[in-house]
Amino acid sequence: MLTKDEVDILLTAATHAPSMHNTQPWRFEVHEPVVDVLLDKERTLDVADPAGRAARIGIGAAAFNIRVAAAVLGYKSRLVADPDPARPDVVARLFLGGRKTPVPGLGRMYGAVSQRHTYRGPLLDQPIPARVRDRLDEAARIEGAQLHWLGPWATSRLAELLRQTDTADLADEDRLHERLRWIGGDRSGDGVQDSALGPAPARPAVVRDLSLGFESPHRGQAVYETQPAIAILSTRAEDAVGWVHAGAALQRVLLTATSYDLTASFVNQVLERPETRIQVRELICGRYWPQMVIRIGYPAQPAGHTSRLDWHDSFDQWF
Ligand SMILES: Cc1cc2nc3c(=O)[nH]c(=O)nc-3n(C[C@H](O)[C@H](O)[C@H](O)COP(=O)(O)O)c2cc1C
């Protein structure tokens with residue numbers, strides 16, 4: 001039986017997961033030996049994420065963190081997405097196996113769970129060694145996804161698509177209002193406060209300025225790297241179950257990256273509009289569906305971190 005301390009370890013790990021705009025769109029239930037992660041409909045982004053794709057990626061990442069924490073506690077685990085047609089709100093179910101000794105592999109990532117943060121500042125001009133890229137590719141593959149690394153031509157094509165999307169976003173009042181609800185200012189608990197936004201780009205760069213279209217007066221400016229390493233996490237499946245597994249793959253990649261002192265941020269605005277997402281799909285040859293556009297490298301500056309709600313605030317019941 002899970003003890004209170006074990007539930008605390010599992011759900012604290014879950015809440016460290018990334019989520020779009022730090023909405024934390026999850027709720028938890030414990031039905032031993034099962035932990036359920038549910039979609040919190042109060043925390044979805046109806047304008048930028050109408051199908052719930054990003055929310056499910058966040059839930060997949062939270063579920064992966066539960067698996068990592070379970071491994072440290074000695075539980076084997078299995079993730080099933082959309083396990084119960086009678087309960088469509090349960091998006092991810094973790095089946096925990098009998099308690100043994102710490103499960104190697106997954107458990108080794110536990111330290112990275114609380115160290116990983118999205119880093120939106122400039123990156124050092126230092127290439128990622130080929131063997132480290134191989135480990136990141138492998139991490140994606142283990143969870144059934146792929147990483148496509150963009151070459152210089154594809155990166156400049158992506159930069160064009162980012163400019164196109166940013167221009168469209170600037171004129172989009174509904175998206176602007178939705179971002180204002182979650183982004184900027186001095187906030188804690190959820191959302192992304194000014195100090196975590198990274199400096200504003202002094203020149204066009206392959207980054208996402210989450211505060212695009214509104215004032216964030218306390219931010220400095222910086223010149224960003226000219227050739228960032230961009231990896232597109234993609235899946236063959238483009239459905240609700242596939243999105244949860246994409247989230248697990250994302251988190252395995254990010255925790256692996258953290259263990260090599262790499263940081264990541266995302267330029268996902270191009271995936272939030274069907275017309276640009278399809279063009280990103282063409283950049284990776286059209287067979288896979290792009291789920292996350294990851295800008296990855298070694299950080300050049302310290303960065304502010306987002307905060308989290310306490311897991312008790314997202315906890316429904318212990319049966
Ligand atoms: C599906 C998804 C989409 C995201 N898109 C972006 C993005 O386009 N730009 C960005 O800077 N961060 C993006 N993020 C990162 C979140 O803003 C970040 O995870 C959240 O603020 C929590 O902060 P942390 O990752 O530092 O813990 C995304 C995260 C997820 C899971």
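Computed values, structure above
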quantity	calculated
Subset of the stretch 275-294 (residues that are away from the ligand (no atom under 16 Å from the Cβ) and at pLDDT 95 or above)	GLU275, ILE278, GLN279, ARG281, GLU282, LEU283, ILE284, TYR288
Filtered residue count, the stretch 236-266, keeping only those that are of a type in the set (Val, Ile, Thr) and within 14 Å of the ligand (Cβ to nearest atom)	4
Test: residue in the stretch 185-202 that is closer than 19 Å to VAL293 by Cβ, within 13 Å of the ligand (Cβ to nearest atom) and free of Cβ contacts under 8 Å to residues at least 24 places away in the same chain	yes
Among (1) surrounded by 15 or more Cβ atoms within 10 Å (Cβ to Cβ); (2) polar (S, T, N, Q); (3) more than 9 Å from the ligand (Cβ to nearest atom) - the single one GLN269 does not satisfy	(3)
Some residue of the stretch 171-184 being in contact with an Asp or Glu (Cβ under 9 Å, 6 or more places away or on another chain), within 15 Å of the ligand (Cβ to nearest atom) and part of a loop (DSSP other than H, G, I, E, B)	yes
Subset of the stretch 1-31 that is open to solvent by less than 50 Å² (accessible area, probe 1.4 Å) and of a type in the set (D, E, K, R) - its residue that is nearest to the ligand (Cβ to nearest atom)	GLU29
Residue that is out of contact with any strand residue (DSSP E or B) (no Cβ under 9 Å at 6 or more places or on another chain) and among the hydrophobic types (A, V, I, L, M, F, W, C), where the choices are LEU170, LEU233	LEU170
VAL244 under 30 Å from LEU94 (Cα atoms) and open to solvent by less than 30 Å² (accessible area, probe 1.4 Å)	yes
Selection within the stretch 68-88 - of a type outside the set (Gly, Ala, Ser), more than 19 Å from ALA139 (Cα to Cα) and open to solvent by less than 50 Å² (accessible area, probe 1.4 Å)	LEU73, TYR75, PRO83, ASP84
Conditions (1) touching a strand residue (DSSP E or B) at 6+ places or on another chain (Cβ under 6 Å); (2) more than 16 Å from the ligand (Cβ to nearest atom): number failed by VAL37	(2)
ALA229 vs. criteria open to solvent by 10 Å² or more (accessible area, probe 1.4 Å), of a type in the set (Gly, Ala, Ser) and modelled with pLDDT of 95 or more	yes
Residue check for GLN301: polar (S, T, N, Q), part of a helix (DSSP H, G or I) and surrounded by fewer than 22 Cβ atoms within 10 Å (Cβ to Cβ)	no
Test: LEU250 is under 13 Å from the mean Cα position of the chain (by Cα), over 27 Å from ARG163 (Cα atoms) and not small (Gly, Ala, Ser)	no
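Quick grid of which residues meet (1) touching an Asp or Glu at 6+ places or on another chain (Cβ under 9 Å); (2) within 14 Å of the ligand (Cβ to nearest atom); (3) part of a helix (DSSP H, G or I):
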{"site": "VAL207", "(1), (2), (3)": "no, yes, no"}
{"site": "PHE214", "(1), (2), (3)": "no, no, no"}
{"site": "GLU225", "(1), (2), (3)": "yes, no, no"}
{"site": "SER234", "(1), (2), (3)": "no, yes, no"}
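The values are calculated or read from the model by the stated rules, or taken from the named source; none is laboratory data. Worth saying up front: this structure is predicted, and the values here are computed from it rather than measured. FYI the Cβ positions are ideal-geometry reconstructions off the backbone, even for glycines, and counts take in every protein chain you see. The accessibility values were calculated without ligands, DNA or RNA, using every heavy atom of the protein model including side chains. Shrake-Rupley method; radii C 1.70, N 1.55, O 1.52, S 1.80 Å.
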